[in-house]
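Trainee: Once you've had a glance at the structure underneath, I'll fire off some questions.
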Amino acid sequence: MKLACCSWSYHRAMEAGRISFQEWLRTCAARLGVGGVDLIAEQLPKRTKSFWLETKKRCTDFRLSVAALSPSTDFGKPTSRQRQTELDRLRRWIEAAFILGAPCVRIFAGWPPQGRAAELWEPMVRCLRLAAKAASQAGVTLVVEPHNHGGFLADSHRTLQLIRDVESPWVRINLDVGNYHQPDLYAGLEASLPFAPHVVAKIQHLNRAGEETTLDYDRIFAMLKRHRYHGFVTVEYEGNADERVAVPRAVAMLRRYALKYGL
């Protein structure tokens, strides 16, 4: 198992100008000591080929791998023109991932207008099939993240249905362990792990002992061990504490469980 840090973990610090994107990369390497980074596309200071190449070189110098590139996509848009715009934009990010050397592009299926999820499911699936063709030509896997707030994929049942419907080895799951909304969260995670080349460890509140209080990470790491998971586990801090203090504590917690389970 390899640890990575998602740039969203430092979004408040970046937005306030307390840390730059380049300083964040150095922090990941020097302070956190992780092996990878998950780049939220909207947080990149520039969206040019030259910047992508510069970022790849900087990551190499810091001995960091780009675990994933994470743009936001919404294929729940009600018109074909809007969905085509989303598809064209995703193709551009697939190109960026190829340049950066990222094996995965994290995407969302989308948020259909209220009451129209069933109607727009098949158009969304068609878009993902087209995106999968573009991804296959770049050797990049699209990893769809479960999402709530009215999205297509609120639980493991719908997420796994999407994988079956798209029918492409280039579309898999970005398993954010805190995103499923269902009675048995851990059963949903267990069923999804065989289709997840990238796992996101959501951290929201660490107690004084440095343990996450909203999720059972002992149980999650036991699950990773059973499935012989050797990919990246990316920390995504979404709590309210100072990120510069909380994120190193979150990484330390994940390391403790990785050591406990020999991952």
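Each value in this text was obtained by applying a stated rule to the coordinates, not by laboratory testing. No experiment lies behind these values; they were computed from the predicted model shown. Cβ sites come from the backbone with ideal geometry, for glycine too, and all protein chains shown count toward neighbours.
Trainee: Tell me, please, whether a residue that is buried (at least 22 other Cβ atoms within 10 Å of the Cβ), assigned to a loop (DSSP other than H, G, I, E, B), more than 16 Å from the chain's Cα centre (by Cα) and not basic (Lys, Arg) can be found in segment 100-119.
Mentor: Yes, segment 100-119 contains a residue that is buried (at least 22 other Cβ atoms within 10 Å of the Cβ), assigned to a loop (DSSP other than H, G, I, E, B), more than 16 Å from the chain's Cα centre (by Cα) and not basic (Lys, Arg).
Trainee: Exactly one condition in (1) small (Gly, Ala, Ser); (2) over 22 Å from Ser192 (Cα atoms); (3) in a strand (DSSP E or B) is false for Ala97; which is it?
Mentor: Going through the list (1) small (Gly, Ala, Ser); (2) over 22 Å from Ser192 (Cα atoms); (3) in a strand (DSSP E or B), Ala97 breaks only (3).
Trainee: Looking at Lys133, is it more than 19 Å from the chain's Cα centre (by Cα) and either within 17 Å of Gly231 (Cβ to Cβ) or outside any helix (DSSP H, G or I) (or both)?
Mentor: On the way: more than 19 Å from the chain's Cα centre (by Cα): yes; either within 17 Å of Gly231 (Cβ to Cβ) or outside any helix (DSSP H, G or I) (or both): no.
Here the answer is no, as Lys133 does not meet what is asked.
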